[in-house]
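The values are calculated or read from the model by the stated rules, or taken from the named source; none is laboratory data. None of these values were measured; they are calculated from a predicted model. Please note: Cβ atoms are built from the backbone with ideal geometry, for glycine as well, and neighbour counts cover all protein chains shown. Please note that ligands, DNA and RNA were not included when accessible areas were found on the heavy atoms of the full protein model with its side chains. Shrake-Rupley method; radii C 1.70, N 1.55, O 1.52, S 1.80 Å.
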Amino acid sequence: MDNSPISDALALRATASAFDAQRGKLPVPGDPHRSPDAVAVAVARQISELGKLITDLGDEVLFRAADQGQAPHTARVITSFGAAVEPAGEAASALGAVAHQLAFLNQTESLRDQPDARDAREAAVRVMEDALATADAALHGGANSLYSASATVSPPSVRLQAARSRSTTAVPAMGQLPSGVTTAVASSSDRLARGR
């Protein structure tokens, strides 16, 4: 087993990406382009995928916990993978609520014009919207936690950190510069472009 900080950080980032991918698959409430049956199938498939993700998280913990030659950073990695089970489970549970409400809407489709059924169906839609928001927040939080953990296990290189700090520096828009500075900046950037 390669339990170097770099390989463990890569495993944490890959799992964070899996959380992001699941978040990207969440259905959009009230999407007119998808039939309720298609949404129900997609939700069921996603619950299954989240179950596999939870299994993968458990395997990551087991794989490292069973290793006799644990590196100093391994406990943090185990903790991070173990903690990620909670948001994955929360998202799966929320999608279970969505599946339940979709089944209810399907069963009451023929009654939708009756006032009592209409109220219950509207309540079901609100429950689904809340559950989807819960799943989205859980997956987002899980991904962020794993990304943060990967940075503590194997911090980005000094070069990458410098590039990130440069890319987030705010540069004023051209219209915000005094008139004399605009020309100087433009001619300076022209010289840089020609010099490459």
(request) Lys and Arg at +1, Asp and Glu at -1: add these up for the other residues within a Cβ distance under 15 Å of Val41 and post the number. (result) 0
(request) Could you look at the range 1-130 and say what percent of its accessible area is carbon and sulfur, using a 1.4 Å probe and all protein chains? (result) 56
(request) Can you tell me the FRET efficiency between Ser4 and His140 if r is taken as the Cβ-Cβ distance and R0 is 25 Å, rounded to the nearest 0.05? (result) 0.30
(request) Enter the accessible area per residue of the range 1-104 (Å², integer; probe 1.4 Å; all protein chains in place). (result) 53
(request) Give, as ranges by residue number, the residues of the range 41-85 whose backbone N falls under 12 Å from the point 7 Å along Cα→Cβ of Asn106. (result) 41-45
